[in-house]
Amino acid sequence: MSFEEFIKPELLILIPVLYAVGIGLKKSRLSDTLIPITLGIISVVLSASWVIATSNISSLKDVAFAIFTSVTQGILSAGASVYFNQLYVQSNKKE
C-alpha cells in the first residue's frame with residue numbers, strides 16, 4: 001500500500017509544502033493546537049485550486065465531486081504532513 005493509493009500523485013507535493021508551512025507556523029505566535037487545523041484549511045484550499053484548474057466542471061454532480069475531492073485530498077495531505085512531523089519529533093525525543 002502506498003500514499004498514491006489515497007492521495008493523488010499530483011497532490012503529493014502538498015505534503016512537504018505543508019510541512020514547511022507547519023515549521024513556519026510553529027515559529028509564529030499561533031498556538032500549537034491551531035497548527036493542524038490551519039494546515040488542513042490551507043491544504044483543502046490548495047487541493048481545491050488544483051481540482052478546479054484540472055477539472056471540467058459543468059454540472060451540479062461535477063461540483064459535488066470537486067468539493068468532495070478537494071476536502072478529502074486536503075485532509076489526507078495535511079494528515080500525512082502532521083504525521084511525518086510527529087514521526088520526526090518522536091524520533092528525536094529523549095526519554
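Of note:
- Considering only residues in region 13-39 that are part of a helix (DSSP H, G or I) and among the polar types (S, T, N, Q), the one that is farthest from Val71 (Cα to Cα) turns out to be Thr33.
- Residues located in region 62-95, provided they are of a type outside the set (D, E, K, R), open to solvent by 100 Å² or more (accessible area, probe 1.4 Å) and over 18 Å from Ile7 (Cβ atoms): Tyr88
- When region 28-52 is filtered for residues that are polar (S, T, N, Q) and open to solvent by 60 Å² or more (accessible area, probe 1.4 Å), the ones remaining, listed by number, are Thr33, Ser49.
- Residue within region 53-61 that is over 14 Å from Leu11 (Cα atoms), open to solvent by less than 70 Å² (accessible area, probe 1.4 Å) and in a helix (DSSP H, G or I) present: no
- Looking at Ser31, Ser70, Ser49, Ser43, just one residue is hydroxyl-bearing (Ser, Thr, Tyr) and within 9 Å of the chain's Cα centre (by Cα), and that residue is Ser43.
The values are calculated or read from the model by the stated rules, or taken from the named source; none is laboratory data. Just so you know, these numbers come straight off a predicted model, no measurement behind them. All Cβ positions, glycine included, derive from the backbone under ideal geometry; neighbour counts span all protein chains shown. Ligands, DNA and RNA are excluded from the accessible area calculation, which covers all protein heavy atoms including side chains. Shrake-Rupley method; radii C 1.70, N 1.55, O 1.52, S 1.80 Å.
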